[in-house]
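The values are calculated or read from the model by the stated rules, or taken from the named source; none is laboratory data. Values in this document were obtained by computation on a predicted structure and should not be read as measured data. Cβ sites come from the backbone with ideal geometry, for glycine too, and all protein chains shown count toward neighbours. All accessible areas refer to the heavy atoms of the entire protein, side chains included, with ligands and DNA or RNA removed. Shrake-Rupley method; radii C 1.70, N 1.55, O 1.52, S 1.80 Å.
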Amino acid sequence: TWLNAQLDKIWPYVNEAASELIRSNVEPILEQYRPAVLSSLKFSKLTLGTVAPQFTGVSIIESESGSGGVTMELEMQWDGNPNIVLDINTKVGVALPIQVKNIGFTGVFRLIFKPLVDEFPCFGAVCYSLRHKKKLDFTLKIVGGEISSIPGISKAIEETIRDAIEDSITWPVRKIVPILPGDYSDLELKPVGTLEVKLVQAKELTNKDIVGKSDPFAVLFIRPLRDRMKTSKTINNQLNPIWNEHFEFVVDDASTQHLTIRVFDDEGLQASELIGCAQVPLKDIEPGKVKDIWLSLVKDLEVQRDNKNRGQVHLELLYYPYGMESSYKNPFDPDFSMTSLEKALKGGNDGIEAGDSQRTTTQKKKDVIVRGVLSVSVISAEDLPAGDIMGKADPYVVLTMKKSQARCKTRVVPNSLNPVWNQTFDFVVEDGLHDMLVLEVYDHDTFGKDKIGKCLMTLTRVILEGEFQDKYPLDGAKSGRLYLHLTWTPQLVFRDS
């Protein structure tokens, strides 16, 4: 209450100072994210109006503060009456004054007072950042006209404004205001690690098409900026798509950031339709360990409006912090199992700048092929569903490598719902990181075969661990599990240039 009363008093002066600050800071960012349909985008008027924001909550973040500083979060609400007019010029030479109206904003600002010193005001600098954007609403209107008369302009400007806010002030980006002279570079935003993401597959997606099936593709991001978002390929006419694509993201703050995935139905020339979305907090991922996860898709991450099944997405996630790569085994990094000959050939990198070394590693990462021999022992299955009137089945397993289409099959075990095979098959795999093993269980019949269910697996775990034994549920079957033992013998090679 005290803070709000004081802010009301000084708001006219804050408005004057902040308006110029916003203009000089935000205009270059708007220009950076300017959509292709516009040739320029600048402020012609910018005042914050007469209504001051209201602070609705204050908290001290003990876990972040430590002995060297204080971290405070302020929840703020603003239904303002600013006068903001953007001058835009389209590529076809049309100049338009666009007014930003009806702004409604609720968010949490983070203030970091650091370092604490024994000189008034007792801290050397203050950082501020928009920690959480709960609501941001505004409307756009052409001064003296209707913006909807120019298709695409309104959405493009809206996205530009949201991108500019995300890139300029949204956590973990932060602005630093030095209070006392000193070096405060340690407060600046610095990437802390890399998140490797394998988008494996999705199943039981909602069908958005009246004729045929959806054509799904996925968009993944940690920060929703156009140059940081990754898009998968589109799988046509499929509600159970298999992508098996690998993406890499820079992590700025593992304790607060999330990986977000949105699955869309590609509508060709029309706007794509959202099937569903999901999110994984990065703090839930143990560094250096692959997290194999199925995520249920929802309509909205903020408001859970319904419990409708929209499908599931299968991801493999690996987070490794910078400076700790040597203690973790990363299958996406070509250095993890290089032969002594390759290490000798790669030697002589002493004295390379850190940036150059990182570029070299990135370049090698794209060129590497994880080649090897995969040995699969099909041990047994249990609790298979009955396939005939007698309540029995005659099961056998077909093993297929997805890329090479190399195929093997086990013998048939007659009259058993808990068959034991104990058969081993070897596959030469040319590109382990991008291949998959498909195991399909069939019921042998005199007149043909009936499919019971299947398992689909990437080779990430066996490449990492070298050898493991586990059981896998059968997809598409009412019951049943398959017991497997996998072994990987690596033979690392590089692509021909």
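Which residue pairs have Cβ atoms under 8 Å apart, sit 6 or more places apart or on different chains, and have a first residue in segment 410-422 that is not assigned by the TED database to the domain that holds VAL397 and a second that is open to solvent by 80 Å² or more (accessible area, probe 1.4 Å)?
none
Can you confirm whether LYS449 is open to solvent by 80 Å² or more (accessible area, probe 1.4 Å), closer than 25 Å to ILE242 by Cβ and touching a residue at least 60 places away in the same chain (Cβ under 8 Å)?
Judged against the criteria, LYS449 is not a match.
Here is a check on your reading of the model: is ALA386 more than 40 Å from the chain's Cα centre (by Cα) and either among the hydroxyl-bearing types (Ser, Thr, Tyr) or crowded, with 18+ Cβ neighbours inside 10 Å (or both)?
So ALA386 fails the test.
When residues of segment 246-294 are filtered for being open to solvent by 10 Å² or more (accessible area, probe 1.4 Å), of a type in the set (Ser, Thr, Tyr) and within 14 Å of the chain's Cα centre (by Cα), how many remain?
The qualifying residues number 1.
For segment 28-63, give me the residue count where each residue is more than 28 Å from the chain's Cα centre (by Cα), open to solvent by less than 70 Å² (accessible area, probe 1.4 Å) and not aromatic (Phe, Trp, Tyr).
The qualifying residues number 14.
For a quick check of your reading of the model, give me the residue pairs whose first member lies in segment 424-443 and is without any contact (Cβ under 8 Å) to a residue 12 or more places away in the chain and in the same structural domain as LEU318 (by the TED database), whose second is part of a helix (DSSP H, G or I) and open to solvent by less than 30 Å² (accessible area, probe 1.4 Å), with beta-carbon atoms closer than 8 Å and at least 6 apart or on different chains.
none
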